[in-house]
Amino acid sequence: MNEIVFSVGGALALIGVVAGGGGILTYVFRKLFADFGQRLGPNRVGPYGILQFVADGIKLVAKEDIIPARVEHWGFRLAPYLTFVPAVLAFSPIPFGDGLIITDVRIGLVLIFALAALAPLGEVVAGWASNNKYAMLGGLRAAAMDVSYEIPLLLSAIAVMLLAGTASTREIVERQRELWYFVPQILGLFVFIVAMIGKVGVLPFDLPEAESELVAGYVTEYSGMRFAFFFLTLFANVFFIAALTVTLYFGGWLGPFGLDLPPMLSFIWFFVKAGVLVFVVFWLWNSLPRVRIDQFLNINWKLLFPLSLANLILTATLVALGVVK
């Protein structure tokens, strides 16, 4: 009984943290974009506009939920949850601090990628069920991108698993006490970050949405909270890629030189490192123009895939020879 209560409580807490964190990141995103463009950004609701994301949430909850007459109703209703729920569950094996992990399993990294691979299904279903040519094109782009970026992404992660000798996210962090893995895996880190930005679908890779081309892509026909679920997922995934990158390449909760920190301080230190990466993603989002879909696919198959394969082969060779451990 206690295990059930703990599991349900952990799940509810995770949903609350992801949803709340996604909302807060919308505020951070808008403030940073305003600063980059020398504008004010949100500044009316609360001090410095800090409650703007709360006002937006109230507006979206109160907004009429319009469902077009000719959509495929079950798929249309289900698609937002097919994107949001896997995105929330993918956070569960990530260690946010020393002992601060919800699902500590030996195949934690495999579980993360299995759950993350389900999220594009919601985009494809949304595009198909909307009965709209722009939405359908957005769904097709999401499917094409999913096939492309998943391969270099997984190959880069497998190289880290070879170095660590485990798929447990907690143990991967523990193995980085002497050396953070971004040093021996600098090539894999580059591939991983580019592929993960493609996975999240923000500029320059926001092709399934691409409002200048496809109105709003697979979310064209959505309104109210169904619309909000897609964008909560988007901003939650921005933090997700930062948290996963910190876990695999920057020592997770470990301090510099493998320094052990108290649990709460390790939690704060983890979020500081993840916050720096979130800032980098937002910076790129604001700075780079959108690429074409054929350019994106070429980047994956002609650059990222060969680099990730070469990095994996090199890592496997060095591990077999005992050069790295």
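Leu40 - would you say it is among the aliphatic types (A, V, I, L, M), farther than 27 Å from Tyr249 by Cβ and over 25 Å from the mean Cα position of the chain (by Cα)? When the stated conditions are applied, Leu40 passes them.
Taking the range 296-313 only, how many residues are free of Cβ contacts under 8 Å to residues at least 60 places away in the same chain and surrounded by 12 or more Cβ atoms within 10 Å (Cβ to Cβ)? Number satisfying all stated conditions: 4. Among the residues of the range 128-146, are any buried (at least 19 other Cβ atoms within 10 Å of the Cβ), touching a helix residue (DSSP H, G or I) at 6+ places or on another chain (Cβ under 9 Å), within 28 Å of Ser266 (Cβ to Cβ) and not aromatic (Phe, Trp, Tyr)? Within the range 128-146, none of the residues are buried (at least 19 other Cβ atoms within 10 Å of the Cβ), touching a helix residue (DSSP H, G or I) at 6+ places or on another chain (Cβ under 9 Å), within 28 Å of Ser266 (Cβ to Cβ) and not aromatic (Phe, Trp, Tyr).
Among residues belonging to the range 261-310 that are of a type in the set (Val, Ile, Thr) and part of a helix (DSSP H, G or I), point out the one that is farthest from Phe205 (Cα to Cα).
Per the criteria, the residue is Ile268.
I'm told Met225 meets every condition in (1) touching a helix residue (DSSP H, G or I) at 6+ places or on another chain (Cβ under 6 Å); (2) surrounded by 23 or more Cβ atoms within 10 Å (Cβ to Cβ); (3) farther than 16 Å from Tyr149 by Cβ; (4) not aromatic (Phe, Trp, Tyr) except one. Can you identify the failing condition by its number? Tallying (1) touching a helix residue (DSSP H, G or I) at 6+ places or on another chain (Cβ under 6 Å); (2) surrounded by 23 or more Cβ atoms within 10 Å (Cβ to Cβ); (3) farther than 16 Å from Tyr149 by Cβ; (4) not aromatic (Phe, Trp, Tyr), Met225 fails exactly one: (2).
Of the residues Thr233, Thr220, Thr245, which is free of Cβ contacts under 8 Å to residues at least 60 places away in the same chain, touching a Phe, Trp or Tyr at 6+ places or on another chain (Cβ under 9 Å) and within 30 Å of Gly138 (Cα to Cα)? Every option except Thr245 fails the conditions.
The rows are residues; the columns are (1) of a type in the set (Asp, Glu); (2) surrounded by fewer than 21 Cβ atoms within 10 Å (Cβ to Cβ); (3) modelled with pLDDT of 85 or more; (4) outside any helix (DSSP H, G or I).
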{"site": "Val54", "(1), (2), (3), (4)": "no, yes, no, no"}
{"site": "Ile58", "(1), (2), (3), (4)": "no, yes, no, no"}
{"site": "Asp65", "(1), (2), (3), (4)": "yes, yes, no, yes"}
{"site": "Arg70", "(1), (2), (3), (4)": "no, yes, no, yes"}
{"site": "Trp74", "(1), (2), (3), (4)": "no, yes, no, no"}
{"site": "Val88", "(1), (2), (3), (4)": "no, no, no, no"}
{"site": "Ile94", "(1), (2), (3), (4)": "no, no, yes, yes"}
{"site": "Phe113", "(1), (2), (3), (4)": "no, yes, yes, no"}
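The values are calculated or read from the model by the stated rules, or taken from the named source; none is laboratory data. Not measured: the values here are computed from a predicted model. Positions of Cβ are backbone-derived with ideal geometry, glycine not excepted, and every protein chain shown enters the neighbour counts.
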